[in-house]
1. Rank these for me by crowding, B:Lys345, B:Lys399, B:Lys316, going from fewest to most other beta carbons within 10 Å.
2. Give me the three principal axis extents of region B:347-459 from the C-alpha atoms, as integers in angstrom, largest value leading.
3. Over the Cα atoms, compute the radius of gyration (one decimal) and Dmax (the largest Cα-Cα distance, rounded to a whole number) for region B:89-216, in Å.
4. Tally Lys/Arg at +1 and Asp/Glu at -1 over every other residue whose Cβ is under 12 Å from the Cβ of A:Ile24; what's the total?
5. How much net charge surrounds B:Phe303 when only the other residues with a Cβ under 11 Å from the Cβ of B:Phe303 are counted, with Lys and Arg +1 and Asp and Glu -1?
6. Sequence neighbours fewer than 8 away in the same chain don't count; with that in mind, list the lysines whose C-alpha is under 23 Å from A:Lys86.
7. With unit charges on the beta carbons (Lys and Arg positive, Asp and Glu negative) and the dipole taken about the Cα centre of region B:1-133, which residue among B:Ser15, B:Thr121, B:Ser25 sits farthest to the positive side?
8. What does the charge add up to near A:Ile137, with Lys and Arg as +1, Asp and Glu as -1, over the other residues with Cβ less than 12 Å from its Cβ?
Amino acid sequence: MSCVPHTNYKRMKRTILIPTDFSIESLKLFIEAAESVQIGSVNIILLHCAQLSDSIVDLLFFSKKDMIESLVTPVFNDACKIIRSKYASKINSARIEVFTGHTQAAFQNFLEGNRVDEILIPKNYSLQLNKESFDPIPFIRKSTIPITEIHWKQTGNIPEKNQLAELFLI
Amino acid sequence: MRTQTKIALIFFLVSLSTIIFLSASVYYFIIRYSFSDFYKRLEIRGVVTAKAILDEEEASSAVLQEVRELHLEKLPEEQEYFFEITPAKDFAAEAQTLDIPLSFFENILKNGEATHQNNSTFYAGIKFQSKKGLYAVVVSAENYYNDHHLRYLQNIFLFGILAASIFSFSISIVFSRQVFNPVKEITDRVNEISTQNLHLRLESKKINDEISELETTFNNMLDRLETAFETQNNFISNASHELSTPLTTIIGEADVALAKERNTKEYIESLSVIVNEAERLEKITKSLLFLAQTGFTGSTLKFDKVRIDQLLWDVKETIDKLNPKNKVQLNLSLMPEDPAKLKIKGNEQLLLLALTNIVNNACKYSNNQIVTVSIGTLEEKVIIVVKDSGIGIPENELKFIYDPFFRASNTKEFEGYGIGLPLTRNIVRLHQGEILVSSRVNEGTIVQLTFPVGHYTVG
């Protein structure tokens, strides 16, 4: 299988993948992704990686939509909407995708399937994982898609942690 | 009619109608069964008798006769009739003598059998082919069942229904009492509670049923009522205290000045104190008046389109005039591209007052540290976030911040009357907005205001 990375930065509609842990702070990547657009607009994919349950019953009733709904908080949702209205002309679409694979090949396939052109990852921020999710950064680093690392000053334990107000500080 | 009586009556009627329906259907099916059974018996008798009498073979005839005597009980009023069937025969005469309709005989000829009931006498007829020729055999007897057993059954059912209805009536009364007992208890208990003893609560049982839910709801309502009552009481005491403090100062100062003749400098000093206090008094009464006005439905208020970013610049300007040392920063990094989303429907004067209040508080309680004011919009909402790094509000006092004249325990060294925030909340409510205050002591306070977008077109 040959992989040709899409390095055409000038393409009118690029697709940028960013990992997310559904915290307000991780939306810094979302803002950076929108900020990076010079021409045209961008499709943004917020990636969440989750391990599927081993139970057959759980798998039978598994639905990505329900899973995303259970993870997205109203505040996170509002924060995304604020960013989207700020960059209304630059963000063509934004959606949340769940990756449930185990292998690098599966991840590569996932990236190609979603036509990802670029990936933004945090430099010093580590994603807050819950008990089902796992960190996609190792997979991302090994993939053939260009990666940009974003550095920002971490907010730490501030009073507005995970409130809408936090969004205005990052 | 009381609900308790209603429920008892419904319960009683339902059980009674079930019993009646069951008895009636049992009675009906028993009657049907006993009739058809009796006709079968008559037919068998007819066949046996016909064989015994009409067939002339001595041996078999005797045997049959014996069987008949031994095993077939003689039915009351049992009669057998034999009529030879010849092609030309009509049974008019026979029908006449037996007092049965002619159709009975016609049925025998046509179907080979027929039944007829004449009061309590039952007739069964069959067509019988004997060696002598074709015969119509008619057997009649009185139905003992019909006369005695069914009457007995009727009596059983009548008395049964009567007994069951008395039983279900008493059960339904007990049942409805049982059901409404807790409700009655609640009514009695709530009746005991008046303004004098608002602290009383209903005893909530641990079981999670509808009644305990009702109790919890009542208790919650009482909690709110008690808080409202206390707020009202506090308001009056606070207001009179706030108003009397400057008055006392004015009277005291004037008294001291009038006690003896003083020089001009001392008079000026006294008068300036009096003016200061009088101004404070005026400020309090003015803001009280405003609070009262905004507390109304606001039908007289004029609502027009207001651009939130413009409003915030105006707020900053006002603050700059009031407090030149302020460090208010407007954060427009997440302003939407579409200016239409920034327009809300509102009264500019009131909004300016509300926002100035909040931003001024932020400056005041953080000793003029940096205060950031940010704007963001969702599809339907405009969000304004005011953040300071001031003294904060203790967590257990957050719920009182909208009470008029309430001041948090850590605000002793700051001047204020505790009218600003309730006033702001009234204004925000007038605009169908929301106000959300979160705070940590000594770390800062975040006020988040949300207003619905006005849906004005650009231009």
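1. Values: B:Lys345 16, B:Lys399 10, B:Lys316 19.
Least crowded to most crowded, the residues run B:Lys399, B:Lys345, B:Lys316.
2. 47, 26, 23
3. Radius of gyration, then largest Cα-Cα span, for region B:89-216: 35.7, 110 Å.
4. -3
5. Taking every other residue near B:Phe303 into account, the sum is +1.
6. Within the straight-line limit of under 23 Å, A:Lys86 reaches these lysines: A:Lys10, A:Lys13, A:Lys28, A:Lys153, A:Lys161, B:Lys305, B:Lys316, B:Lys341, B:Lys343, B:Lys345, B:Lys381, B:Lys387.
7. Farthest along the dipole direction, towards plus: B:Ser15.
8. Combined, the nearby Lys, Arg, Asp and Glu give 0.
Laboratory data are not the source of any read-out in this text; all were calculated from the coordinates shown. All values reported here derive from a predicted model rather than from experimental measurement. Here the Cβ is made from the backbone with ideal geometry for all residues, glycine too, and neighbour counts use every protein chain on show.
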